[in-house]
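J.: First the structure, then my questions, so here it is.
The values are calculated or read from the model by the stated rules, or taken from the named source; none is laboratory data. A quick note: this is a predicted structure, and the numbers were derived from the prediction, not measured. Virtual Cβ from ideal backbone geometry, glycine too; neighbours counted across all protein chains shown. Ligands, DNA and RNA are stripped out before the accessible areas are found, and what is left, the full protein with its side chains, is counted by its heavy atoms. Shrake-Rupley method; radii C 1.70, N 1.55, O 1.52, S 1.80 Å.
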Amino acid sequence: MDKRQAILDAAFTVFANRGYAGACMEEIAEVAGVAKHTVYNHLGDKESLFHAAMEAAGSAVMAENLALAEQLTVDPSAVAPTAGGQADPVRTRLEDVGRLLLHQCCDPRSWALRRLLHAEITRFPDLLEAVWGRGADRLRQTLADRMARLSLAGLLRPCDPVEAAEQFLALLTGPMEARSQLGTRPVPDAEQELVAHAAVSTFLRAYRDAAPGASPSPSSLPATV
């Protein structure tokens, strides 16, 4: 299994650097540190290897995204008061999770995966659903579950939680396509923080009845949402 994973990792690196057409099995074997026939024995031909490498990379990226989305919980009692009054636990947590999701979005592996999907989608039309579709749906549903909990607790207005999750993700990731020039320009952490702050501000203006920056009294909130 370690050898198989080494081949998958090497294949993704080579495909990301050279594209599908420019990649060769000899180079993949060399990067993986195995014989060429070992690559064929474990994963078959070039097309099969490409699918397997893309699916493995997509699963890894989505697993990390899901772990971040699951952190969208609010414990008001753990938020210390600020000089201007009580801190806003909803804004704080949304911004924390937003920054983490943006950092993951700007990870070189994530960008390489998206660029390969865009480049090879006409050659392999089923690849988008296999690599990204199911994982993206799980991420959306995980965030929707968190949005539903916040809404039921009165921390967000009544809403369609799936729509809220989609719009939250769009506000975060949408600006990154242009800012990063499709992943070819590094986006500094400070710039990612500005995007996360703006995304959350816009989201809360749409999904919370209270004025921006206002928050319910922590004593009126459940211990954890």
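J.: Can you work out the FRET efficiency for the pair ALA63 and THR202, with r the C-beta to C-beta distance and R0 = 35 Å, to the nearest 0.05? Walk me through the intermediate numbers first.
T.: Values: r = 28 Å, r/R0 = 0.80.
That gives a FRET efficiency of 0.80.
J.: Right, something else. Sum -39500 (n - 2.57) across every DSSP H segment of at least 4 residues in the chain, then divide by the residue count to get the 222 nm mean residue ellipticity, nearest 500.
T.: Working: 9 runs with 148 residues, N = 225.
Calculated from helices alone, the mean residue ellipticity at 222 nm is -22000 deg cm²/dmol.
J.: According to a simple spin-label model (label point 7 Å from Cα along Cα-to-Cβ), what is the distance in nm between ARG115 and GLU30?
T.: 2.1
J.: Just the number, please: carbon plus sulfur as a percent of the accessible area of the range 109-209, 1.4 Å probe, no ligands or DNA/RNA counted.
T.: On the way: 2790 of 5170 Å².
The computed percentage sits at 54.
J.: Only one of the listed values, [x] 64; [y] 61; [z] 55, was derived from the coordinates as percent of Cα pairs over 20 Å apart; which label is it?
T.: Of the labelled values, this structure produces [x].
J.: Report the calculated FRET efficiency for ASP126 and ALA190 (r = Cβ-Cβ distance, R0 = 45 Å), to the nearest 0.05. Working shown, then result.
T.: Working: r = 40 Å, r/R0 = 0.88.
Efficiency, from the Cβ-Cβ distance: 0.70.
J.: List the residues, sorted by chain then number, that are 5 or more residues from LEU156 or on another chain and whose placed amide H is less than 5 Å from its amide H.
T.: SER151
J.: When the solvent-accessible surface of protein heavy atoms is calculated with a 1.4 angstrom probe, in what order do THR92, THR142, THR184 fall, highest first?
T.: Numbers: THR92 60, THR142 25, THR184 95 Å².
Greatest to least solvent exposure: THR184, THR92, THR142.
J.: Taking θ = phi - 60°, what integer Hz values does the Karplus form 6.51 cos²θ - 1.76 cosθ + 1.60 yield along the range 132-142, in sequence order, with x for Gly and Pro?
T.: Whole-Hz 3J(HN,Hα) from phi for the range 132-142: 10, x, 5, x, 5, 5, 5, 5, 4, 5, 5.
J.: So which GluC sites (Glu not before Pro) in the range 7-76 end up in coil per DSSP with only 16 or fewer other C-beta atoms within 10 Å?
T.: GLU70
J.: Just subtract the alpha-carbon distance of LEU182 and ARG138 from 0.36 nm times their residue separation and send over the number in nm, one decimal.
T.: 13.5 nm
J.: Could you do me a favour and compute the accessible area per residue for the chain, 1.4 Å probe, result in Å²?
T.: Details: 11170 Å² over 225 residues.
Value returned for the chain: 50 Å² of accessible area per residue.
J.: Counting only the heavy atoms of the protein chains, how much of HIS197 is accessible to a 1.4 Å probe, in Å² to the nearest 10?
T.: Looks like 90 Å² after rounding.
J.: Same structure again: Leaving ligands, DNA and RNA out of it, work out the accessible area of LEU94 with a 1.4 Å probe and give it in Å² to the nearest 10.
T.: Result for LEU94: roughly 0 Å² accessible.
J.: Using the Karplus equation 6.51 cos²θ - 1.76 cosθ + 1.60 (θ = phi - 60°), what ³J(HN,Hα) coupling, rounded to whole Hz, does each residue of the range 154-166 give in order, writing x for Gly and Pro?
T.: Using θ = phi - 60°, the values come out as x, 8, 10, 5, x, 7, 7, x, 5, 4, 4, 5, 4 Hz.
J.: Convex hull over the alpha-carbon atoms of the range 112-206: what's its volume per residue in Å³? Could the numbers behind the result be given before it?
T.: Working: hull volume 10.2 nm³, N = 95.
Taking only Cα atoms, the range 112-206 has a hull volume of 107 Å³ per residue.
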